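S.K.: Take a look at this one; I'll ask things after.
The values are calculated or read from the model by the stated rules, or taken from the named source; none is laboratory data. This is a predicted model, so every value here is computed, not measured. No Cβ is skipped: glycine too gets one built from the backbone with ideal geometry, and neighbour counts run over all protein chains shown. In case anyone asks, the SASA skips ligands and DNA or RNA and just uses the protein heavy atoms, side chains included. Shrake-Rupley method; radii C 1.70, N 1.55, O 1.52, S 1.80 Å.
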Amino acid sequence: MNHPRYGCEPIISGNRYTKQEIDNAHWRYASLRYFPETAIPAAIEKQSYCVYPRQLYIDIEEQCVDCHRAFIFFAKEQQYWFEELKFWIDAHAIKCFECRKKSRAINQLQISYANLIIKEHRTLEETQLLKSSAQQLFESGVIKKINKINAIRKM
């Protein structure tokens, strides 16, 4: 699975840590498939919401809950999540990049749909956008009832 920023192969860091050091760097690491040669040190002071901070970040092999393909949750991606975006330190990627991108697009469609469906007076352009959003949400399985789509099509 290719990540647009980090690629599809483990990123060798040049750092050397023992298995014990990596396993002790975070409580999850001992139970995961990881790539020891990819470990990078973490800046604990930049991490938020942590009782047990990550001492290191390491490329981890995960399986996407949506498409079931293997992907790498990169050490550099984790560093960005936890130190820049301030994600909860025990969060981890459960979806590959492509499925995360798809989920974000569906979320944006849902927001657009919700804002347009409650609007009393829509322009022609807004009505077309509502119809398009509804159709896409139906095709993605978010809207399940065809009668709802048919009602919107008649607008």
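S.K.: Are there any pairs with C-beta distances below 8 angstrom linking a residue in the range 110-122 that is more than 12 Å from Met155 (Cα to Cα) and touching a residue at least 12 places away in the same chain (Cβ under 8 Å) to a residue that is surrounded by 13 or more Cβ atoms within 10 Å (Cβ to Cβ) and small (Gly, Ala, Ser), with the two at least 6 apart or on different chains, and if so which?
M.R.: So the pair list comes out as Ser112/Ser133; Tyr113/Ser133; Tyr113/Ala134; Leu116/Ser133.
S.K.: Which of the residues that make up the range 112-139 are open to solvent by less than 60 Å² (accessible area, probe 1.4 Å), among the polar types (S, T, N, Q) and within 23 Å of the chain's Cα centre (by Cα)?
M.R.: Result: Ser112, Ser133.
S.K.: Take Gln79 and tell me if it is polar (S, T, N, Q) and either in contact (Cβ under 8 Å) with a residue 40 or more places away in the chain or under 24 Å from Ile12 (Cα atoms) (or both).
M.R.: Values: polar (S, T, N, Q): yes; either in contact (Cβ under 8 Å) with a residue 40 or more places away in the chain or under 24 Å from Ile12 (Cα atoms) (or both): yes.
So Gln79 fits the description; yes.
S.K.: Please tell me if Ser48 is over 30 Å from Gln20 (Cα atoms), of a type outside the set (D, E, K, R) and open to solvent by less than 60 Å² (accessible area, probe 1.4 Å). Even if it seems obvious, please write down each step before you answer.
M.R.: On the way: over 30 Å from Gln20 (Cα atoms): no; of a type outside the set (D, E, K, R): yes; open to solvent by less than 60 Å² (accessible area, probe 1.4 Å): yes.
No: the conditions fail for Ser48.
S.K.: Which one of these does Arg122 not meet: (1) out of contact with any Leu (no Cβ under 9 Å at 6 or more places or on another chain); (2) of a type in the set (D, E, K, R); (3) not in a helix (DSSP H, G or I)?
M.R.: (1)
S.K.: Can you give me the number of residues within the range 23-39 that are part of a helix (DSSP H, G or I), surrounded by fewer than 20 Cβ atoms within 10 Å (Cβ to Cβ) and among the aliphatic types (A, V, I, L, M)?
M.R.: Going through the range 23-39 one residue at a time, the tally reaches 1.
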